[in-house]
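Here's the structure we're looking at; comments come further down.
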Amino acid sequence: MFDIRKKLEAAGETILREKFGESTTIHFDVSMDEGRGDLTTSAALQVAKKLGKSPRDIATTLADAFGKLPGVLSTEVAGAGFVNVTVAPAELTKGFSAVRTACLPSKKRKEQPVIVEYSQPNIAKPLGVHHILSTIIGQSLANMYRHLGYETISINHIGDWGTQFGKLAVAHATWGTKPIENHTIDDLLELYVRFHTEAEKNALLEDEGRAAFKKLEDGDKELRVFWSAVVKITMGSMEKMYERLHVTFDHTQGESFYEDKMAPILEEGKKKGVFKLGEEGAFIAEFPEETKMPPAIALKGDGSTIYLTRDLAAANYRINTWHPQAILYVVDVAQQLYFKQLFAVLGQLGWELPTLEHVIFGRMRFADKAMSTRKGNILRLEEVLDEAVKRADLLIAERGEKIQTDDPKGLAEMMGVGSVVYGVLSQNRKMDMVFDWDKMLTFEGNSAPYVQYTHARARSVLRKAGSLVSVSDIQELTAKERTLIKLILMFGETVESARADHLPHKLTNYLYELCQAFNSFYNSDEILTAPDETRNFRLSLTKLTADVLKTGAELLTLQVPDRM
């Protein structure tokens, strides 16, 4: 959205070629340091050694040429050979219309769709706090793809098939005291946990569980009814959590969806020599020695299927149904080897494949030891969200009249859930993530309440102003205005960068910087009491800030209030 940046880069490349006989690409970065221009390049430093010339001499030649371009206010050579360019106000404000457009969904691209698979919980268990990682990272990526005009298909690939159902069926038959349809999700979890506790004393229970699943897979009617009831109970519980998180899916397709789609792939793999007979009658896929990957089981010795079988069927179905350009699997780092094996087997099958990417995220660690050492085998997401809302409620009460809202309970829900969501997304997904209440629920620093409060502050200014006069032309800019404008202009490219790299934290970091810049501008420059022309311009800046914050936040599934 800095139109002049491309002109500067093209001019710089021409100068290097004509003056120094050097053909190279020049790149300008946006400078956020007050007093150091708006755009800066280190091109002189990059070519000086090759040319055997002083980088400052090259930089001076570039700066002199840049200074003659329309829209350039001034240039300077800084440090060892950086060139800083200050842009005329009219040139900066020229990008406002593009920012307004960037706040709206882009026109649909004439391209094949992108499939994003995320959340992937197992049936018969409540959502644990760890599920929020895949769920929120995946939803934010799907949101960004859609916003930028990509046809996007979001899929929740639930674990509703496998040995765990055999185990649960055995547990219910052995210790259940009421019909399966009368159970809650807590009852199902209790039965599942009891099975594993008892299996430690009686190893035969594991065999019974496997045998029960084989019967289910073979079509046993009673087990099919049992399985259907378990799925219904679990999905009812999950939908409530997805609603609180503002998470939606185009398709919820469990592993069971592919039950009748696996046999043809297994046969194809056998015919092509991809699946070979292994130990105890199992069929396996092997990989070249240099990959250092162990063989992958495609079919167990007893004839029952496994994760790989179902994922192969899922990939085949998606490719044939939607013909995607890419399939993204948002799954934690522990499954890195598995996805390498899956992608390798898909390659061995010889199908025409889209781009396949395992979007990795790290594990969750807890700053609060009481959370990490909590008794029981699952820390429920519902409990964490409820605790976050409770803490937000207390924070609202503590701030008293500083918080302006007609709906304190609704605001607490927005702040509490938002703090957990933003707390996850503000961290680099490739690293282990730290869950820290103190950093998540604060009006200071990179947090949801800070973004929400800043948005509400901007909207409050606009309400007090009444009707707005659209203004984008201004002759002079204060340092705070200039910084804020530069950040606003970077919105579109930030969303694109976050989407392309599949890194939502790039967008959260941007929103945080934008909030800092707006609050600095708000505290430094008069808005409502400024002279008319300046007042109108600053109000247009305020509205643009609010619109960008709202759009950016919603891409991250974060809700922002108009009053706070």
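Every number in this text was worked out from the coordinates using simple rules, so none of it is lab data. Everything quoted here is computed from the prediction, not taken from an experiment. Cβ sites come from the backbone with ideal geometry, for glycine too, and all protein chains shown count toward neighbours.
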Next item on the list: Compute the acute angle (0 to 90°) between the alpha-carbon long axis of helix 532-555 and the principal axis of greatest extent of the alpha-carbon atoms of the chain; round to the nearest 10°.
Entry: 20
Note to self: Restricting to Cα pairs below 8 Å that are 6+ residues apart, what does the relative contact order work out to for the chain? Please round to a whole percent.
What the structure shows: 15
Notebook entry, point to check: Which percent, nearest 5, of DSSP beta bridges in the chain are antiparallel?
Noted result: 45
Next item on the list: Identify, among 531, 516, 502, the residue whose Cα sits farthest towards the positive end of the charge dipole of region 369-555, taking +1 on the Cβ of Lys and Arg and -1 on the Cβ of Asp and Glu, with the dipole about the Cα centre.
Entry: 502
Next item on the list: Just name one of 327, 435, 237: the one whose Cα is farthest towards the positive end of the charge dipole of the chain (beta-carbon charges, Lys/Arg +1, Asp/Glu -1).
Entry: 327
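Under unit Cβ charges (Lys, Arg +1; Asp, Glu -1), what dipole magnitude, rounded to 20 debye, does the chain have relative to its Cα centre? If you can, show how the numbers build up before the last one.
Values: 69 positive and 77 negative charges, 166 e Å.
So the magnitude is around 800 debye.
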Margin query: Nearest 10 degrees is fine. How inclined is helix 221-245 to the longest principal axis of the chain, computing both from alpha carbons?
Written below: 20
Note to self: Among 83, 70, 58, whose Cα projects farthest towards the positive end of the dipole of region 3-87, with charges put on the beta-carbon of Lys, Arg (+1) and Asp, Glu (-1)?
What the structure shows: 58
Next item on the list: Assign unit charges at the C-beta atoms only (+1 for Lys and Arg, -1 for Asp and Glu), then state the dipole size of region 426-559 relative to its Cα centre in Debye, rounded to the nearest 20.
Entry: 260
Next item on the list: For region 135-227, just say rounded, prolate or oblate: build the C-alpha gyration tensor, square-root its eigenvalues into a ≥ b ≥ c, call rounded for a/c under 1.5, and beyond that prolate if a/b exceeds b/c, oblate if not.
Entry: prolate
Check: Going by average Cβ neighbours within 10 Å, how do the peptides 18-28, 81-91 rank, with the highest at the top?
Finding: 81-91, 18-28
Notebook entry, point to check: Cα axis of helix 381-399 to longest principal axis of the chain: angle in degrees, 0 to 90, nearest 10?
Noted result: 40
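In what sequence, highest mean first, do 419-428, 453-462 appear when ranked by Cβ atoms within 10 angstrom?
419-428, 453-462
Hey, got the dipole for region 1-116? About the Cα centre, +1 on K and R Cβ, -1 on D and E Cβ, debye to the nearest 20? Before the final figure, lay out the partial values.
On the way: 17 positive and 14 negative charges, 109 e Å.
The calculated dipole for region 1-116 is roughly 520 debye.
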Next item on the list: Can you bin the chain into rounded, prolate or oblate? Criterion: square roots of the alpha carbon gyration tensor eigenvalues sorted a ≥ b ≥ c, rounded for a/c under 1.5, prolate for a/b above b/c, oblate for the rest.
Entry: oblate
Item checked: Summed side-chain charge close to residue 250 - residues other than residue 250 whose Cβ falls under 13 Å, Lys, Arg +1, Asp, Glu -1 -> 0
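How do 329-342, 151-164 rank on mean C-beta neighbours within 10 Å, highest first? Could you put the intermediate results ahead of the total?
On the way: 329-342: 17.9, 151-164: 21.2.
Most protected by this proxy first, the peptides run 151-164, 329-342.
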